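Report on the structure given below.
Read the figures in this text as sums done on the coordinates, not as results from a lab. From a predicted model like this one, the values you see are computed outputs, not experimental measurements. Note that each Cβ is placed from the backbone with ideal geometry, even for glycine, and that neighbours are counted across all protein chains shown.
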Amino acid sequence: MGLSRRGTKWTWDETLIAFGLYCRTPFGKLHQSNPDIIALAGVLGRTPSSVGMKGCNFASLDPAQQERGIKGLANRGHLEQEVWDKFHADSQAVALEVAEAEARLIQTTGSPDEPELTPPDGPTESAQTVRVRRVQSFFRSAVLAIYDNRCALTGLKVPTLLNASHIVPWSASPKRRADPSNGLLLNALHDRAFDRGLITLDEDFRVVLSSQLRDHCVNDTHQQSFLAFAGSPIKLPKRFMPDPTALAYHREHVFKE
């Protein structure tokens, strides 16, 4: 249990950590009875309702949530907006800041790695390896959460068979590497097809098949795996909606007509 900080202003590190928890918390679970929120509140020395409301403040900044009428506190702090804006300008940088803030919290409080806080890295890992692992972990956790651990195309709910797919590839845009709106949750087969440009999504989030794939759908298995989904819309998340500009990039630069 951390020292009580009730009534004190949130620090930058605390706001970063709350943002990290917001990103990996499924929709509808940003409430004070969520065990992860209770655990983080204990570590920070704040109330679960305060931590939960911090998550709601972040939700209120998401355009998809604004359309649903989600509102945060009227006197929402400026730090939430700063974190949000910085994340959308350079998601990789903020994901690394979140991991570093979590590591500092662990070192300060001596707390275990709950709620899903990042433990200190092993001495054998290079700095670059650590950075890549942290960004990949942030991205995967966030994409799993926003899609409720279900494949956006098939509905498969087996996390070990699901991949967090980058729409704009990892190598093409470092600043978008940790951005959930640059991600889709797909099963391993369709993830590979999306990554190789054999499937994409149109402006209405419907599946489009490459001719290279359609021409090889010659048996029932191929037809059930691909042709059956042609023209079908994916299941969209309630926050961090797939970015239309990222999908346009995928159609132009990755997809093979």
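Points to keep in mind about this one:
- Residues Arg104 and Lys29, FRET efficiency given R0 of 25 Å [Cβ-Cβ distance, rounded to 0.05]: 0.45
- What the Cβ-Cβ distance of Leu227 and Ala64 gives, at R0 = 22 Å and to the nearest 0.05, is a FRET efficiency of 0.10.
- Charge-dipole axis of segment 148-254 as Lys and Arg at +1 and Asp and Glu at -1 on Cβ define it, positive-most pick from Leu227, Gly183, His216: Gly183
- Calculated FRET efficiency, Lys86 to Val130, Cβ-Cβ distance, R0 = 30 Å: about 0.90 to the nearest 0.05.
- Annotation: amide H-H contacts under 5 Å for Gly183 (H modelled 1.01 Å from N, sequence separation of 5 or more, or interchain): Ile167, Asp243.
- Rounded to the nearest whole Hz, the Karplus-based 3J(HN,Hα) values (6.51 cos²θ - 1.76 cosθ + 1.60, θ = phi - 60°) of segment 42-55 follow the sequence x, 5, 7, x, 10, 7, x, 5, 5, 5, x, 5, 4, x, with x at glycine and proline.
- Within straight-line cross-link reach of Lys235, lysines at Cα separation under 17 Å, skipping those fewer than 8 residues along the same chain: Lys157
- From most to least packed by mean Cβ count within 10 Å, the peptides 230-243, 182-195 give 182-195, 230-243.
- Environment charge at Gly155 (Cβ cut-off 11 Å; Lys +1, Arg +1, Asp -1, Glu -1): +2
- Residues in segment 162-178 carry Karplus couplings, in order, of 10, 10, 7, 8, 7, 6, 7, x, 3, 6, 7, 8, x, 5, 9, 5, 10 Hz; the curve used is 6.51 cos²θ - 1.76 cosθ + 1.60 with θ = phi - 60°, and Gly or Pro positions show x.
- Annotation: amide H of Asp62 has no partner in the under-5 Å range at sequence separation 5 or more or interchain, hydrogens built in the peptide plane.
- In order through segment 192-205: 3J(HN,Hα) via Karplus (6.51 cos²θ - 1.76 cosθ + 1.60), integer Hz, x for Gly, Pro: 5, 5, 5, 5, 8, x, 8, 9, 8, 10, 7, 5, 9, 6
- Candidate cross-link partners of Lys86 among the lysines, defined by an alpha-carbon separation under 27 Å and a same-chain spacing of 8 or more, comprise Lys9, Lys29, Lys54, Lys71, Lys175, Lys238.
- With both labels modelled 7 Å from their Cα along Cα-to-Cβ, the Asp204 to Leu236 distance reads 1.2 nm.
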